[in-house]
């Protein structure tokens, strides 16, 4: 058996094995970071805007805090994973570029969190259920913006676009 055949057999065996312990620990860590970020952002919003927001506006702060904190931690974790791992097709994200992405993610995720203060003011007029729905509009808009700006190609997404560019159709 040649060296190439042996390495092919090893990689096929590794792919057929169930999810490893490292992957499970990594997913658990990312989930814990998201949960901590969501709770932390909500608590910061409540502490910062306690005097400004009426009691009926707290669901809007909850929605904005969970969205801003949880999603920012998810994207920061994905960026850090992209900074430390890579393949020949998708090399690692450079340290400086990773820091720029993290800073951009934090800036963009602050928008739904702070943007939830405006719908929270509607707590003076509407019941808490309506305030939560109104804040959800702000949060969904922030997620769409974040999803558009995140570099998915660095994480192995967008392969169809890369193949399309290589095919020569993009040049003509």
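Rule-based calculations on the coordinates, nothing more; no lab input. Computed from a predicted structure; not experimentally measured. Cβ: placed from backbone, ideal geometry, glycine included. Neighbour counts: every protein chain shown.
A simple spin-label model places pseudo-atoms 7 Å from Cα toward Cβ; at residue 144 and residue 114 they are separated by 2.1 nm.
Remark on the stretch 54-105: Rg and Dmax equal 15.7, 54 Å (Cα only). Averaging over all projection directions, the Cα-based convex hull of the stretch 19-166 occupies 10.5 nm² in the image plane. When each of the peptides 24-30, 61-67 is scored by the mean number of other C-beta atoms lying within 10 Å of its residues, the order from highest to lowest reads 61-67, 24-30.
The modelled label-to-label distance between residue 24 and residue 125, using points 7 Å beyond Cα along the C-beta direction, is 5.2 nm.
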